[in-house]
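The values are calculated or read from the model by the stated rules, or taken from the named source; none is laboratory data. Because the structure is predicted, anything quoted here is derived from the model rather than measured. Cβ placement follows ideal geometry from the backbone for every residue including glycine, while neighbour counts extend to all protein chains displayed. Just so you know, the surface numbers come from the protein's heavy atoms only, side chains and all, with ligands and any DNA or RNA stripped out. Shrake-Rupley method; radii C 1.70, N 1.55, O 1.52, S 1.80 Å.
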Amino acid sequence: MTIEYRNPYWIKYEWDIKTIQEGKIVKKDNFELQNVLFKENYSIICNFKINEDYLKDEKAGVFGKAGQNFGLNFDSKIDSLVFEFRTNNKSPKFHCLIFDKIKSEDISKGLNMVITRNKNTFSFFIEGQLIKEYNFHDELIDDYKNSPFFLGALNPGAKDPKDRCYSQIDFSLFSIVENETSIEKLESINPKDENVLCYYDFKRINIIKNVCDESNNYNFIELVPKEFIS
Amino acid sequence: MNFNETKIKLDKIGCGFCLAKWTQVTMHLHNGMTHSCHHPAPHKVSLEELERNPTALHNSKTKKLARKEMLEGKRPSECQYCWNIEDNSTSFSDRVFKSSEPWSEPHFEDITNLHWREDYVPKYVEVSFSNVCNFKCVYCGPLYSSKWMEEINKHGGYDLPSMEYNGFDEIEKNKTKPYKHSEQNPYVDAFWDWWPKLYDNLDTFRITGGEPLLSKDFWGVLDNILSSNTPNKNLKLSINSNLGVDDVLINKLIDKIGKIIEEDRIKECIIYTSCDTYGGQAEYVRHGLNFETLFNNVEKILTKLDKVTVVVMSTFNIFSIFSYDKLIEKIYNLKVKHFNTKRYWNSPIILDTSYLRYPSFLSFRLLKDYVTKDYFENFEKYMIFNSSYRSLNFYQPQSIEDVGFSLKEIEKITRLKEYFESYEKDDKFYTDKRDFIDFTLKYDIRRNLNVNNTFPELKSFLNDN
């Protein structure tokens, strides 16, 4: 599925199928999913493609989170894939990991990426191969708490336009898995496994352009409403 | 008025008082049976009674005695279905729901001022003129299908380990043998005598069968509506059809309904059809069905009659589960394709799922421990994802973004799941399973079918004796 430029999606709500209010199924913030970044063990699986002729900002956001500088983006100024995040050590520290061997032609062919966190280590896998491990101290900043994940942007609500990082992007898979960081297991993960928090293969899209969560959960993803797009 | 208020009002007359005993009737004219709502078993109207009073099709002696009991503060035993709910739960029973309907509630005062012996013109009428039918669905029988009648005449009932299925004994014992379509039928004659008065007072008229499109009296009703100088513009017309009859009849239906609508002779028209799963598996269950023809005809109706809604009634049974997801998806695609803002109801097509209870050896509960509830969860999820998340029962769609399954359609699937989950195997389970396996062997031989080819998913179930 192609996410259009300046039309990002967000992973924010779960649909509570047992609760009906005023004739509607209630959707509510899924804070457990939104705050998964703070858990000790989890993985983010992300298969995407950004064609060279696609519309994008200088930093093309693959996925991100509201808060300061979190997410995966392709920086066309340095022609490299970048992962960035901030931690707290009395004052925030900015971590910027540059994957300079991943160029625009690689991104335009499509990339299968897995990011795992095992306590204070992020590990990065491309096509099943470990390409970087990164240790950090302290916890991620509180800005990342209780806020949605974005696909096709880093942070549409950022004050500085340079931090919004919109992109036109093709997704074929996005998934967050708790308590599993073995690449062998992640490569063949079953969407219905209990520790899969969400799983989007982008094959089931409904009439209002929501994308179905193929895990056992009801975390459908939807277009970010216009009022949240700066 | 809300349901609580209705119950209080009814209970002031009596704890068993129900307006449907007056306002609602299902008349099985093909064998002279009648009941008000579907919960009490139908009873026979004798020809003697009919001759004295043609309206005995509804105002039978049996029913009048039940009305007397209700007016005297008693509970007729034939309505035990509702007393079970009222005595064992805090839920409202159908006594309250049906008495709250727009075809019941406004007539409360009139009915309570009537003497129990007086005749009453019903407002919600369902009628079957004949059992003539070109299908013989697995869960039907000779009472409602002439094709089944032919088979039983030729081969007898199905002699199963614990019972005889669809034999003639019950029919002969209860004297419920249908008149042939070609025979003079005094019940149908009585109906037509009563029709002028009935028609003027109707809220809802639903025609079932047999297959109505094969009944001359069905066409008589449509022609009557078309030729009336004073059409009942409040009439809600509902037509059951397997939509598996000849093209000539389908086109005739579309032409006549189209004209009735164009001339503003009714309030609404809804067409009910049936399908219990998808493709070849659906054809196995509803013998005579061609799945592609059915849905071609559904589409023809939805295209040419752009106000009409088609309701697909599904009798969910042991054969339904394996490809029900495909049926759900097909219904959704038709909701999207045929969406407009002119329909009488809020969707061009609706899936109405109920689970089969009789015969018990065809119940999907026999699959307990053979399949998991994953099937039902997948059905639910698909429908919720494609629901637009609101109760379309109360919302008229404004745009294509409103298209989706209503909460009611989803709730019916949830009921299947809950029934399946809560079911615990008992002795009847094993009896029914033996009957089922034996039945499929005999069914396949009689009808030249092969359950193993059609349902490879059932292979180990069928081999497990």
Could you check segment B:384-406 and list, in sequence order, the residues that are in a helix (DSSP H, G or I), modelled with pLDDT under 80 and more than 7 Å from every other protein chain (Cβ to nearest Cβ)? B:Leu392, B:Asn393
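Quick one: in segment B:153-176, which of the residues that are modelled with pLDDT of 90 or more and within 22 Å of the chain's Cα centre (by Cα) is least open to solvent (accessible area, probe 1.4 Å)?
Filtering segment B:153-176 down to residues modelled with pLDDT of 90 or more leaves B:153-167.
Restricting the remaining residues to those that are within 22 Å of the chain's Cα centre (by Cα) gives B:165-166.
Values: B:Tyr165: 1, B:Asn166: 25 Å².
Top of the filtered list is B:Tyr165.
Residues are listed down the side, and each one gets a yes or a no for (1) touching a residue at least 40 places away in the same chain (Cβ under 8 Å); (2) crowded, with 21+ Cβ neighbours inside 10 Å; (3) within 14 Å of chain A (Cβ to nearest Cβ):
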residue	(1), (2), (3)
B:Asp276	yes, yes, no
B:Val285	yes, yes, no
B:Phe291	no, no, no
B:Lys304	yes, no, no
B:Phe322	yes, no, no
Of all residues making up segment A:204-226, the number that are crowded, with 21+ Cβ neighbours inside 10 Å, in contact (Cβ under 8 Å) with a residue 40 or more places away in the chain and either at the interface with chain B (Cβ under 8 Å from one of its Cβ atoms) or in a strand (DSSP E or B) (or both): 3
Let me confirm something: among B:Lys381, B:Lys433, which residue is surrounded by 14 or more Cβ atoms within 10 Å (Cβ to Cβ) and modelled with pLDDT under 95? B:Lys381
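Take B:Leu253 and tell me if it is more than 17 Å from the chain's Cα centre (by Cα), of a type in the set (A, V, I, L, M) and open to solvent by 30 Å² or more (accessible area, probe 1.4 Å).
no
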Tell me, yes or no, whether segment B:128-140 has at least one residue that is within 30 Å of B:Arg52 (Cα to Cα) and free of Cβ contacts under 8 Å to residues at least 60 places away in the same chain. no
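Quick check: anything in segment B:266-274 assigned to a helix (DSSP H, G or I), of a type in the set (A, V, I, L, M) and crowded, with 18+ Cβ neighbours inside 10 Å? Steps first, answer last, please.
Filtering segment B:266-274 for residues assigned to a helix (DSSP H, G or I) gives none.
No, the conditions are met nowhere in segment B:266-274.
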Wholly enclosed helices (runs of 4 or more DSSP H) of segment B:22-122 bearing at least 1 residues of a type in the set (Ser, Thr, Tyr) and open to solvent by 10 Å² or more (accessible area, probe 1.4 Å): B:61-71, B:80-88, B:94-100, B:108-112
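Within segment B:363-374, can one find any residue that is in a helix (DSSP H, G or I) and modelled with pLDDT under 95?
The answer is yes, given that some residue of segment B:363-374 is in a helix (DSSP H, G or I) and modelled with pLDDT under 95.
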Give me the residue from segment A:171-185 that is farther than 17 Å from A:Asp213 by Cα and touching a strand residue (DSSP E or B) at 6+ places or on another chain (Cβ under 8 Å) and, out of that set, surrounded by the fewest Cβ atoms within 10 Å (Cβ to Cβ). A:Asn179
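Please work out if B:Leu416 is modelled with pLDDT under 95, assigned to a helix (DSSP H, G or I), more than 14 Å from every other protein chain (Cβ to nearest Cβ) and surrounded by 21 or more Cβ atoms within 10 Å (Cβ to Cβ).
yes
Considering only residues that are within 10 Å of chain B (Cβ to nearest Cβ) and out of contact with any Phe, Trp or Tyr (no Cβ under 9 Å at 6 or more places or on another chain), look in segment A:13-47 and name the one that is least open to solvent (accessible area, probe 1.4 Å).
Selected residue: A:Ile20.
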